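Trainee: Can you read through this structure? Questions will come right after.
The values are calculated or read from the model by the stated rules, or taken from the named source; none is laboratory data. As the structure is a computational prediction, the values presented were derived from the model and not from experiment. Backbone-built Cβ (ideal geometry, glycine too); neighbour counts: all protein chains shown. Protein only, heavy atoms only, side chains kept; ligands, DNA and RNA dropped before computing areas. Shrake-Rupley method; radii C 1.70, N 1.55, O 1.52, S 1.80 Å.
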Amino acid sequence: MTRSGLIALGLIICLLAGWEGAVRIWAIPVFILPPPSLILTTAVVQAPLILPHAAVTGAEIVLGIFLALITAIPLAIAMFARPVLEKALSPFLVASQAIPVFALAPLLVIWLGYGMASKVFMAWIIIFFPITVSLVQGLKSCDPEYRTLFSLMGASFLKTLTLLYWPWALPRFFAGLRVGVSVATIGAVIGEWVGAQQGLGFLMIQSNARLQTPLVFAAILWLAAMGMILWSLVGILEKKIITWNT
Amino acid sequence: MLQITDLAKYYNGQPVFSGLDLQLPAGRFQVLLGPSGCGKTSLFNTLTGVTPADEGTITWQGQTVPHLGSLCAYMHQKDLLLPWFSLMDNALLPARTRGRDMACARVLAENLFSRLGLSGYESHQPNQVSGGMRQRCALVRTLMFDRDLILLDEPLSALDAITRQRLQHLLLLLQTEFAKTILMITHDVDEALLLADDIFVSSSLPMTLIRRIRLNQPKPRAFDDPDLLHIKADILAHLVKGEAV
C-alpha cells in the first residue's frame, strides 16, 4: 500500500475508533447514533433487504450516466465546433446547476411519475454538467500548432476530431466523468426521497420514520460503496483507454 | 517556382514585415536566416494561411493563390507527433487525413522508415524513442504530405549537436533524392551554410531582406571550407547590421 493510502486508512481507523468509543462511553442511544460496529453488522445482516433497493438505485445511476454520456458528448462537440452555440447555451448550462435539485425533484415526480424515470432524470441533471464542461474545455485545450498541422494536411473537421481533438480531450473528459459519477448518487437518492417505492433513498426514509437508524446508516454505507465502485471503474477505464504519456 | 510579391503583415498597425519580395526557383534549398523574434514564424504563418496576409500576392507555379496551406508540406521545430499513435501511424497521418490508399501509403512510409534508419521502430510510441528519432519520424510524415514545396520552421533547433548534424544530412535528401523545393527558416548560420543553395538574410522587426547569397559550393559541405567561412563572416556582419536597423 502507498504512503498516502496508509495515511487514509489510519485516519479512517482513528475516526471509527473515536466514534465507537464515544457512543459506548456516553451511552448514546442507538436510534440517535449507532456505533460503527452495529452499522457494519446491519449492512451485512440486512443485505437481503438492502440489496434489491441498492440494485434499483444502482440502475437509476447507471442509466443516468448513460443518458448523460449520450447527450453531453454530442453537445460538447457541437459547442466546440460552433463557438456561437457555446455562448448561447452556456447560461442554460450554468442555470441547470444553479437551481437546487431539491427544488426540481417534486416537479419531476409529478411530470415523470414515481417510477425510475424521474430518478434517472435527476441523476442525469447532476452528471451532465461536469461531463459537458470538462469535454468542451478538453477539446478547446488542443495545442494550436497541432491544429495547424492538421489544417495543412487537409484534414476535415471529422478527421481532426477523431484523430486529434477527441484523444486530446480524453483526460479532461474522464476527470469530468469521475466528478459526475461520484455525485450521481445525490440525484438518484433525492428523487427517491421525494417519491418512490424502491431504492436506497426510499429505504432510508422508511427506516428513518421507524427510528431504525442503524439501517439508515447501513443504506448510506451501501450508497457510499456504490459511489466508490463507480469512481474506481471510471479510473480503470481511463487507464485502459489513455495508455500514452504526454 | 514560388514567387512572393510585396507581402505584408501588420499586428496592431505595426508591420511585422512589409514589401517582402522572394523568388524561390523549383528544386532549390532556400534558407531564410534572421535573428530570433524577427518575424520568421509570422511569415510562415502567413504563407500557410494560419494568419491572412494584409498585402501582397503569392504565386506558385504561375498561379496566384491566397496561401500555400494546401500546397506545401510543413515541418515544425517541435516534432508534433501524437502520443496516442505509433511512429508508423504518425507518419501515415497525411495519407489518412486525405483518404488516400493506405496500403500504398504504408509501403511508401516503410521505405522512408528504412531510408531514415527507423526500421524496427514502426510500432513504438513517440515517448519510447529519442528526440532525434521523433524528428526523423516527423520528417517522414513531412514527406508523406507528397507535396513539391516544403516549409521547414527551424526543424532542428531543439536537438543536440550530434543529432542535428545527422538530421542535416537527412534534410539534404529532401532536395537531392526527392527533388523538393524547400524554404527553411533558421537563426543558425552554420546550418544555413551547410544546407542552402540560397540564403536570404533578414533584419530584426520589421523583417526586411537585407542580403541574398547564392552558394554554389557542392554538398555535403565542410565547416572549415574557406569560402564558407568568408560567407559566414559576411552574414554575421549583415545580421549585426540588421539588428541595429
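Trainee: Considering (1) under 24 Å from B:ILE162 (Cβ atoms); (2) open to solvent by less than 20 Å² (accessible area, probe 1.4 Å); (3) within 19 Å of the chain's Cα centre (by Cα), say which one B:SER202 fails and leave the rest.
Mentor: (1)
Trainee: Given the conditions (1) within 14 Å of chain B (Cβ to nearest Cβ); (2) open to solvent by less than 50 Å² (accessible area, probe 1.4 Å); (3) within 24 Å of A:LEU237 (Cβ to Cβ); (4) of a type outside the set (Lys, Arg), report the number of the one that A:THR162 does not fulfil.
Mentor: (2)
Trainee: Take the residues in the range A:130-182 that are free of Cβ contacts under 8 Å to residues at least 40 places away in the same chain and of a type in the set (Val, Ile, Thr), then tell me which one is farthest from B:GLY49 (Cα to Cα).
Mentor: A:THR162
Trainee: Tell me, yes or no, whether the range B:220-227 has at least one residue that is open to solvent by less than 90 Å² (accessible area, probe 1.4 Å) and in contact (Cβ under 8 Å) with a residue 60 or more places away in the chain.
Mentor: no
Trainee: Collect the residues in the range B:123-158 that are open to solvent by 10 Å² or more (accessible area, probe 1.4 Å), within 12 Å of chain A (Cβ to nearest Cβ) and either touching a Pro at 6+ places or on another chain (Cβ under 8 Å) or closer than 26 Å to B:GLY39 by Cα (or both), keeping them in residue-number order.
Mentor: Matches in the range B:123-158: B:GLN125, B:ASN127, B:ASP146, B:ARG147.
Trainee: Residues of the range B:19-74 being open to solvent by 60 Å² or more (accessible area, probe 1.4 Å) and within 13 Å of another protein chain (Cβ to nearest Cβ), which ones?
Mentor: Of everything in the range B:19-74, those that are open to solvent by 60 Å² or more (accessible area, probe 1.4 Å) and within 13 Å of another protein chain (Cβ to nearest Cβ) turn out to be B:VAL50, B:HIS67, B:SER70.
Trainee: Conditions: (1) over 21 Å from A:ASP143 (Cβ atoms); (2) at the interface with another protein chain (Cβ under 10 Å from one of its Cβ atoms); (3) part of a helix (DSSP H, G or I). B:GLY99 meets all but one. Number of the miss?
Mentor: (3)
Trainee: Within the range A:167-182, track down each residue that is of a type outside the set (S, T, N, Q) and more than 10 Å from chain B (Cβ to nearest Cβ).
Mentor: Listed by number, the residues that qualify are A:ALA169, A:PRO171, A:ARG172, A:PHE173, A:PHE174, A:ALA175, A:GLY176, A:LEU177, A:ARG178, A:VAL179, A:GLY180, A:VAL181.
Trainee: Considering only residues of the range A:114-157 that are over 30 Å from the mean Cα position of the chain (by Cα) and open to solvent by 50 Å² or more (accessible area, probe 1.4 Å), which is farthest from the other protein chains (Cβ to nearest Cβ)?
Mentor: It comes out as A:PHE157.
Trainee: Still on this model: Which residues, taken from the range A:74-116, are over 19 Å from A:LEU139 (Cβ atoms) and among the hydroxyl-bearing types (Ser, Thr, Tyr)?
Mentor: A:SER96, A:TYR114
Trainee: Which of the residues spanning the range B:114-130 are part of a helix (DSSP H, G or I) and under 16 Å from B:PHE85 (Cα atoms)? If you could, list the steps in order and put the result at the bottom.
Mentor: The first filter runs over the range B:114-130 and keeps only residues part of a helix (DSSP H, G or I), leaving B:114-115, B:126-128.
B:PRO126, B:ASN127, B:GLN128 - these are the residues of the range B:114-130 that are part of a helix (DSSP H, G or I) and under 16 Å from B:PHE85 (Cα atoms).
Trainee: Give the residues of the range B:76-135 that are touching a Phe, Trp or Tyr at 6+ places or on another chain (Cβ under 6 Å) and either of a type in the set (Ser, Thr, Tyr) or modelled with pLDDT under 90 (or both), sorted by residue number.
Mentor: B:SER119
Trainee: Any idea how many residues of the range B:228-243 are open to solvent by less than 50 Å² (accessible area, probe 1.4 Å) and at pLDDT below 85? If you could, list the steps in order and put the result at the bottom.
Mentor: Step one: filter the range B:228-243 for residues open to solvent by less than 50 Å² (accessible area, probe 1.4 Å), giving B:228, B:231, B:234-235, B:238-239, B:242.
Remaining after also requiring at pLDDT below 85: B:238-239, B:242.
Qualifying residue count, the range B:228-243: 3.
Trainee: OK, next. When the range B:75-95 is examined, which residues are found to be at the interface with another protein chain (Cβ under 9 Å from one of its Cβ atoms) and farther than 23 Å from B:ALA105 by Cβ?
Mentor: B:LYS78
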